[in-house]
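Quick notes on the structure that follows.
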Amino acid sequence: MMPTSSFLIMPAHIQSAPMGPCQLTTCPKIPQKWRKTGGVEVNQCDENGKPMYGSSGKILKTNILMTNGWLPNGTSQSFYFESRPQAGLFKGMPIILQERGLIQKSKLCAECKKIDCPTTQAVPCCQHHMLYNQLDFRDVKSRLEIICKDHLQSMGI
């Protein structure tokens with residue numbers, strides 16, 4: 001059975017591993033909030049994409065980490081600390097923004113109290129908004145685009 005079309009057009013980082021740059025609603029401002037899991041909890045699936053169940057009958061869960069983002073100069077940006085004592089811990093939005101050269105923006109609140117942020121980066125209202133407007137967060141390919149590209153490459157097209 002094919003997934004629904006709404007699933008296919010959702011950005012891949014919202015759906016399954018490997019997760020692209022952060023699903024903004026789950027990005028914490030400070031690293032300690034993700035200390036327990038280090039990523040986003042999702043349903044564990046078999047090679048056919050079907051949910052896997054434990055002996056209790058409940059769907060098994062697994063944690064996935066975000067793939068690296070890209071700094072403005074084109075180099076890869078890990079969203080996790082790479083050295084001790086915080087190795088593997090999510091950096092948090094302020095550090096990610098600072099590494100991108102957005103020092104002043106890293107001092108904004110984590111998210112707006114308003115439901116709708118302004119739609120342009122010209123109005124810096126919160127850290128979520130600033131990250132959302134970064135190219136590597138905004139231009140995430142949908143699952144359908146990834147599947148089609150992989151299929152065409154496997155056919156040599």
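Going by amide H atoms built from the backbone, whose H comes under 5 Å of the H on S142, apart from near neighbours?
For S142, whose amide H was placed from the backbone, the distant partners under 5 Å are A12.
Kindly provide the GluC sites (Glu not before Pro) of the range 37-113 that DSSP labels as loop, not H, G, I, E or B, and whose Cβ sees at most 16 other Cβ atoms within 10 Å. Show your work: numbers first, answer last.
Working: sites: E41, E47, E82, E99, E111; in loops: E47, E82, E111.
Passing sites in the range 37-113 are E47, E82.
Please compute the modelled spin-label separation between K61 and C148, points set 7 Å along Cα→Cβ, answer in nm with one decimal.
Between C148 and K61, the label points sit 3.4 nm apart.
Bear in mind these aren't lab numbers, they're just calculated from the coordinates by the rules spelled out. Everything numeric in this text was worked out from a predicted model, so none of it was measured. Using ideal geometry, Cβ is built from the backbone for each residue, glycine included, and neighbour counts are taken over all protein chains shown.
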